[in-house]
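Step one of this worksheet: look at the structure below.
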Amino acid sequence: MNAFVRAAVAHGQRGEVIVEAVRLKPLGPNDVLVQMKAAGICHSDMSFINGERSGATYPLVLGHEGAGVVLECGPQVTSVVPGDHVIPLGIPECGVCQACIGGKTNLCDEYFRDSGSRPFLLGDQAIRGFCDLGTFAEAIVVRDIQVARIDSAAPLDVICCLGCAGATGLGAALFTAKVEAGASVVVFGLGGIGMNAVQGARLAGASVIIGVDTNPSRETAARAAGATHFVDPAGVENLLDHLRELTGGGADYSFECVGNQRVLSDAVECTRRGWGVTVMVGVLPGSQQIELRPRAILEGRRLMGSYLGNIKTRTQLPRLVDRFLEGDLGFDSLISHRIALQDINEGFARLADGSALRTVVHFDSVMP
Ligand SMILES: [Zn+2]
Ligand SMILES: [Zn+2]
């Protein structure tokens, strides 16, 4: 347990991520040790090094999406055993708080409580993992309520993307908006999350699924995920008029997956008065406020938000893995690059310049 593992550590804004050796703290009674097999690089990880996020504490092991195998469990852990395949969870599901017991939200009270967890030792300094995870490490120590046991038949280097992008995008369509068959849907921003929102709309049976992105190279993957139309805003005279025309007067549902105030306003305005629903998925920078035309809401449109697609992480997320195994879901067109942990800065560079959809980090199974 005291052996070293390699981890990608952020040391501050405007810096590179350093892949270096850390030690793992001993397991507490409710902790599990997970050997990471694969982890996806998300925009939220990048926000710790590109100047977007203020107030973070460094050093910090990045990574909050991935998949791995349980190696060891603390004495009070009963929900998983060594050998189980798991997805680490940015939002825990404790199973006993009001939020977990109720059917309305996935936002377990434990998510908002500072766990104080510092499972990695960098030299003598105990440091945190992003989302209390830090999946860009060869092994992680997390609480049992932070892992979802999944069918071991699923390829971990593919379904690793469910932990953030998959859950967030698919869930926004299926669990937050509850898109129904025959609906019209517009998805703004076709990164890893937006592509999954497209896929979620397809699963729900939406008949019109319009992907909107300023990067025309996203069209092929968007159509593979289920988009019936692709719109580059630069290619149309008036984006809102065009979207209203394609949807016969306004979309039933729209998803903002960019994190931009103007795009959010467009996402609301493109929906049908009377019943249009917009799900805010992208994270607006803290400096931006939401500005909406008051009548847009008075006319009966609704704006919703969700973290991780409002999917209960331990009880509902594994069902998406089952749907993948049943052939309903695909991630091949969404994973654009595969790299080793030591090349993680290349992955961040590709995310920053827009050339990557999802980059998956592979671990070479060096064990503590
Ligand atoms: Zn993420
Ligand atoms: Zn809970």
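Coordinate-derived values only; no laboratory data. All of these numbers come straight from a predicted model, not from anything done at the bench. Note: ideal-geometry Cβ built from the backbone for every residue, glycine included; neighbour counts use all protein chains shown.
Points to keep in mind about this one:
- Placing pseudo-labels 7 Å out from each Cα toward the beta carbon at Lys178 and Tyr58 gives an inter-label distance of 4.5 nm.
- Contact order relative to length of the chain, as percent, for alpha carbon pairs under 8 angstrom and 6 or more apart: 19 percent
- For the peptides 81-87, 131-137, residues were scored by their other Cβ atoms within 10 Å and the scores averaged per peptide; the highest-first order is 131-137, 81-87.
- Nearest-0.05 FRET efficiency for Asp322 and Val236, computed from C-beta distance (R0 51 Å): 0.85
- Sorting Phe331, Phe188, Phe4, Phe230 by the number of Cβ atoms found within 10 Å of their own Cβ, with the fewest placed first, yields Phe4, Phe230, Phe331, Phe188.
- Gyration tensor (alpha-carbon) shape descriptor, region 166-307, a/c threshold 1.5: rounded
- Which of Cys100, Cys257, Cys42 has the fewest Cβ neighbours within 10 Å, and the rest in rising order: Cys100, Cys42, Cys257
- The gain in end-to-end length when the Lys25 to Asp343 segment is fully stretched comes to 111.9 nm, 0.36 nm per residue minus the alpha carbon separation.
- The dipole here belongs to the chain: it is taken about the Cα centre, uses +1 on the Cβ of Lys and Arg and -1 on the Cβ of Asp and Glu, and is about 660 debye.
- With contributions of -39500 (n - 2.57) from each DSSP H run of at least four residues, the per-residue ellipticity at 222 nm computed over the chain stands at -5500 deg cm²/dmol.
- Paramagnetic reach from Ile18 in region 45-71 [backbone N under 11 Å; point 7 Å along Cα→Cβ]: 59-60
- Region 78-187 shape via C-alpha gyration tensor axes, a/c threshold 1.5: prolate
- From most to least packed by mean Cβ count within 10 Å, the peptides 310-317, 149-156 give 310-317, 149-156.
- Cα shape, the chain, gyration tensor, a/c 1.5 rule: prolate
- Separation between Cα centres of region 244-262 and region 301-368, rounded to whole Å: 24 Å
- Shown for Glu269, Glu326: other C-beta atoms within 10 Å of each C-beta, ranked fewest to most, produce the order Glu326, Glu269.
- Theoretical gain in end-to-end length, Asp114 to Asn50 [0.36 nm per residue, Cα-Cα removed]: 20.6 nm
- Cross-link partners of Lys104 among lysines, defined as those whose alpha carbon lies under 22 angstrom from its own and excluding same-chain residues fewer than eight positions apart: Lys178, Lys312.
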